[in-house]
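Single-structure report; data block below.
The values are calculated or read from the model by the stated rules, or taken from the named source; none is laboratory data. Nothing here was measured: the structure is a model prediction, and the numbers come from that model. Glycine also receives a Cβ, built like all others from the backbone with ideal geometry; neighbour counts cover every protein chain displayed. With ligands, DNA and RNA removed, areas are computed over all heavy atoms of the protein, side chains included. Shrake-Rupley method; radii C 1.70, N 1.55, O 1.52, S 1.80 Å.
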Amino acid sequence: MEHLSTRELPRLSWIDTLYSNLNYNTDGYEGDPAEDRKSQDGSETMPFIDESPTMSPHLCARGQDGEAVSPTPPEGLLSGGDTEKGLEMKKLVLSGFLASEEIYINQLEALLLPMKPLKATATTSKPVLTMEQIETIFFMIQDIFVIHKEFYDAISPNIQQWDEKVTVGHLFQKLASQLGVYKAFVDNYKVAVETAEKCSLANSQFQKISENLKVKGPKESKDCTTTATMEALLYKPIDRVTRSTLVLHDLLKHTPKDHPDFPLLQDALRISQNFLSSINEEIDPRRTAVTTPKGEVRQLVKDGFLVEMSEGTRKLRHAFLFTDLLLCAKMKKTAVGRHQQYECKWYIPLADLSFQTLDDSDSLPHIQTLPEHEIEEMKIKISSIKSEIQKEKKAQKSQSRNVDRLRKKMNEQESCLLLNSPTIPFRIHNKHGKSYLFLLSSDYERSEWRESIQKLQKKDLQACVLSSVELQVLTGSCFKLRTVHNIPVTSNKDDEESPGLYGFLHVIVHKATGFKESANLYCTLEVDSFGYFVSKAITRVFRDTTEPQWNEEFEIELEGSQCLRILCYEKCYDKSKLNKDDNEIVDKIMGKGQVQLDPQTVQSKNWHMDVIEMNGIKVEFSMKFTSRDLSLKRTPSKKQSGVFGVKISVVTKRERSKVPYIVRQCIEEVEKRGIDEVGIYRISGVATDIQALKAAFDANTKDILMMLSDMDINAIAGTLKLYFRELPEPLLTDRLYPAFMEGIALSDPAAKENCMMHLLRSLPDPNLITFLILLEHLKRVAEKEPVNKMSLHNLATVFGPTLLRPSESEISKAHITLASDIWSHDVMAQVQVLLYYLQHPPISFAELKKNTLYFSTDV
């Protein structure tokens, strides 16, 4: 938002808003308010709200020449000294304010009158305005109307039955506590006016509506209706925001200090003045600041959606970090048509906040986690729904109810995924005993929150305690102060936004410089996927150095990714520093940085070199991207002498073996020293190591066994996956692929068993024997799930598409063009096929061949 200055913006002066006979007329400025809001160059500017006076202004009226003159008070009130006359003056002030309040409510009602029919037409084939335009133009008007109508209905009886015992302070206090709604309106005002103007130019029907809004007159004036423009009425809340503060000054002046109203009116005035100050703060007040009771600026430093563990369950929260406190809020459920609001769950003054770990005597709450296969299933469903939406859009060539239904379904899946995927704990402690636990998906994110808080804590902070009203005002302001507006799900993105990259990102981490002391250093790589960041690769630890030179290449799978993060750590080998929260050694983050994945830059055939600077450290890396449609191709090898890209029958015949040598050796090495490795087959191996093993197997190098014994186990696992992925046709063959898809979809267990076993028997012997060997190996890996975290479903997710995905010719037949379509096409079924066999009792090649089944349909 543009910076607000007194030179550019007209101020809502205290004098201009007062009229004769103590009548607080809502018309405010004389003449057209739209003209008053023009700067010298003719451009429209945002209003500046004047809160400068600290005492009641002199009451003024306009003379014939337009100059301000002093009004003549009613007879008997000139002395104004005694209590009775003071209370009478208070009644007059209230009566004038109430009359103007009635006019203001009528103006808001007139503004709201066309909103309902406009919304009704928005869902028809010929809308006057879109729903988005309606919500922008009428933003917060309904909320403001309800607040003032309730205030008016509550205060009217008090003035009609006036005596010295009547109290109204609590009503003004409540009104002041709801001023956060006005901040939201002010922030949106310029956009609302611009939208209304554009819509008037584009639509004659709306222009006619907006230029002829009927405003009812006061109750006393029968059938007195005036006409106003929408632009003029939209300015009324801007004008009105000063009015409540004005009347509070005068009410206090004429309220005895021992009257019950006095402290309540004082509190209401303080809140109002603080609110007006926050509107006009010098540093981007529309976005980042509110004012504390002491007049200090409370700046919003950081905000975002986090998952909180609350009473043993996961809850989506919005955390707001201010300069002196951390506030955790949730979105309140509101009625249809009403504006959303936040509800404060808790707050901690930064002076009382720490990150201390729990003592050994303290018990950790149980953290609910979904099995990884359920997380993977959600991703597959989301991708499948995305594919359906794309097909619907192409078919309908416009938005349809079916698309809306699918978007809603996708939003539910994505929201569930974001809620259940984070597992990295971030514990917030209050020195007074209360503690809270957030779960994050990325160590990068945890580090950002911790660093932001620690930076603020270096200042001389005093513990603050907010009253209920102050807390309500602060929470109310969060809606417009926030910088993160939506949870990061696809359904919250515009259609024009980039869908991200689908495919494989090849990254070479070269070296790092800038370390002042020698340390044991390594890097991790994170990419965003399905709205959150996940760690994808890790370099070796370079010991005792200030200039680590890793030169390691990684192949990272991208699923709609837009950003690459690199974190540089110092490895901690001190086991006594075990972190109870995540049961891992606490390695120190030396630096972190990120780079946007620009499709035009990374999709070049050449490597793109880049540098990320982080806290004085520079990490050099190169990257190259291969789109998923290219990476899915099963390209036959031109050299039939190797093993990669060569038909399995050719390899086994040449080797005079039943199972390719590469499969046997990789399985043997994994079972020897990798079966306990966390994330085996899921964690990426170093790409350069995998390529070295690939070259060695292709060349049938004599020292291949020595290489295997020295190689990182994830590289060996990656080599086995690469072998199956590069077969010219899938292990379970193109010919049988449609039958596998039909067989897994059968509902009757006996029919499914009959079909699935028959399909195995239909495979060529080398394919079948290799598949059965791999099947038993994966079962043995899954037996170690408590240690390696790889369940049968996880392994099926990793290997299913690799073993079943059709070759390029089959994909072409399916007429699939989008990369995301290719990724989601039949993936769930491919996973289910492999999972079926993994969950099946042991399958013997000999028994399978000799067993006679009743399934006889040709494949």
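Whenever a residue of segment 685-709 is more than 16 Å from ARG673 (Cβ to Cβ), its partners that are crowded, with 16+ Cβ neighbours inside 10 Å and among the aromatic types (Phe, Trp, Tyr), lying with C-beta atoms within less than 7 angstrom and at least six residues away or across chains, give the pairs VAL686/PHE554; ALA687/PHE554; LYS694/PHE644; ASP698/PHE644; ILE704/PHE697.
Here's the yes/no breakdown for (1) in the same structural domain as LYS174 (by the TED database); (2) of a type in the set (Lys, Arg); (3) under 20 Å from the mean Cα position of the chain (by Cα):
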| position | (1), (2), (3) |
| --- | --- |
| PHE438 | no, no, yes |
| SER441 | no, no, yes |
| TYR444 | no, no, yes |
| LYS455 | no, yes, no |
| LEU461 | no, no, no |
| LEU471 | no, no, no |
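A Cβ distance below 6 Å, combined with a sequence gap of six or more or placement on separate chains, defines the contacts here; from segment 188-202, residues that are in the same structural domain as ALA232 (by the TED database) and closer than 14 Å to LEU233 by Cβ reach residues that are of a type in the set (Val, Ile, Thr) and in a helix (DSSP H, G or I) in the pairs ALA192/THR136; ALA192/ILE137; ALA196/ILE137.
Within segment 602-644, how many residues turn out to be of a type in the set (D, E, K, R) and modelled with pLDDT of 85 or more?
Within segment 602-644, the subset of a type in the set (D, E, K, R) is 605, 610, 613, 618, 620, 624, 628-629, 633-634, 638-639.
Still in the running and modelled with pLDDT of 85 or more: 610, 613, 618, 620, 624.
Residues flagged as of a type in the set (D, E, K, R) and modelled with pLDDT of 85 or more within segment 602-644 amount to 5.
Of all residues in segment 449-482, exactly one satisfies the criterion of being touching a helix residue (DSSP H, G or I) at 6+ places or on another chain (Cβ under 7 Å), open to solvent by 80 Å² or more (accessible area, probe 1.4 Å) and either in a helix (DSSP H, G or I) or at pLDDT 85 or above (or both), namely GLN472.
Among the residues of segment 418-456, how many are of a type in the set (A, V, I, L, M) and free of Cβ contacts under 8 Å to residues at least 12 places away in the same chain? Let's see the steps before the verdict.
So the first thing to find is which residues in segment 418-456 are of a type in the set (A, V, I, L, M), and the list is 418-419, 424, 428, 437, 439-440, 453, 456.
Next, from what is left, pick out any that are free of Cβ contacts under 8 Å to residues at least 12 places away in the same chain: none.
Here the count works out to 0.
Selection within segment 84-130: residues that are open to solvent by less than 10 Å² (accessible area, probe 1.4 Å) and of a type in the set (Ser, Thr, Tyr). The member of this set that is farthest from VAL215 (Cα to Cα) is SER100. Inspect all residues belonging to segment 812-826 and state whether any of them is among the aliphatic types (A, V, I, L, M) and either farther than 21 Å from SER383 by Cβ or modelled with pLDDT of 95 or more (or both). No, because not a single residue in segment 812-826 is among the aliphatic types (A, V, I, L, M) and either farther than 21 Å from SER383 by Cβ or modelled with pLDDT of 95 or more (or both). For the criterion of being modelled with pLDDT of 75 or more, touching an Asp or Glu at 6+ places or on another chain (Cβ under 9 Å) and within 16 Å of LEU474 (Cβ to Cβ), ALA319 passes.
Within segment 528-575, how many residues turn out to be of a type outside the set (Asp, Glu) and assigned to a strand (DSSP E or B)? Step through it out loud before you land on a result.
Restricting attention to segment 528-575, the residues satisfying the condition of being of a type outside the set (Asp, Glu) are 529-543, 545-546, 548-551, 554, 556, 558, 560-569, 571-573, 575.
Among the residues that remain, those that are also assigned to a strand (DSSP E or B) are: 529, 532-538, 542-543, 545, 549-551, 554, 556, 558, 560-561, 563-569.
Residues meeting the conditions: 26.
Annotation: THR369 fulfils all but one of (1) open to solvent by 80 Å² or more (accessible area, probe 1.4 Å); (2) modelled with pLDDT under 70; the unmet one is (2).
Does HIS485 satisfy the criteria of being open to solvent by 30 Å² or more (accessible area, probe 1.4 Å), within 23 Å of GLY560 (Cβ to Cβ) and in the same structural domain as ASP303 (by the TED database)?
On the way: open to solvent by 30 Å² or more (accessible area, probe 1.4 Å): yes; within 23 Å of GLY560 (Cβ to Cβ): yes; in the same structural domain as ASP303 (by the TED database): yes.
Yes.
Select from segment 425-448 the residues that are open to solvent by 40 Å² or more (accessible area, probe 1.4 Å) and not basic (Lys, Arg) and list them in ascending order. Answer for segment 425-448, where residues must be open to solvent by 40 Å² or more (accessible area, probe 1.4 Å) and not basic (Lys, Arg): HIS432, GLY433, SER435, GLU445, GLU448.
If the requirement is being of a type in the set (Lys, Arg) and at pLDDT below 85, which of these qualifies: ARG761, ARG805, ARG780? Please lay out each step first, then the result.
Values: ARG761 fails: at pLDDT below 85; ARG780 fails: at pLDDT below 85.
After applying the criteria, what remains is ARG805.
The residue of segment 666-698 that is nearest to LYS779 (Cα to Cα), among those that are among the hydrophobic types (A, V, I, L, M, F, W, C) and modelled with pLDDT under 90, is VAL678.
Scanning segment 564-590 for residues that are under 20 Å from THR423 (Cβ atoms) and either at pLDDT 90 or above or open to solvent by 50 Å² or more (accessible area, probe 1.4 Å) (or both) yields ARG565, LEU567, TYR569, LEU578, LYS580, ASN583, GLU584, VAL586, ILE589. When residues in segment 655-669 are screened for being in a helix (DSSP H, G or I) and in contact (Cβ under 8 Å) with a residue 24 or more places away in the chain, 8 of them pass.
Can you tell me how many residues within segment 187-238 are within 31 Å of the chain's Cα centre (by Cα), of a type in the set (Asp, Glu) and either at pLDDT 85 or above or open to solvent by 70 Å² or more (accessible area, probe 1.4 Å) (or both)? Looking only at that region, the number is 1.
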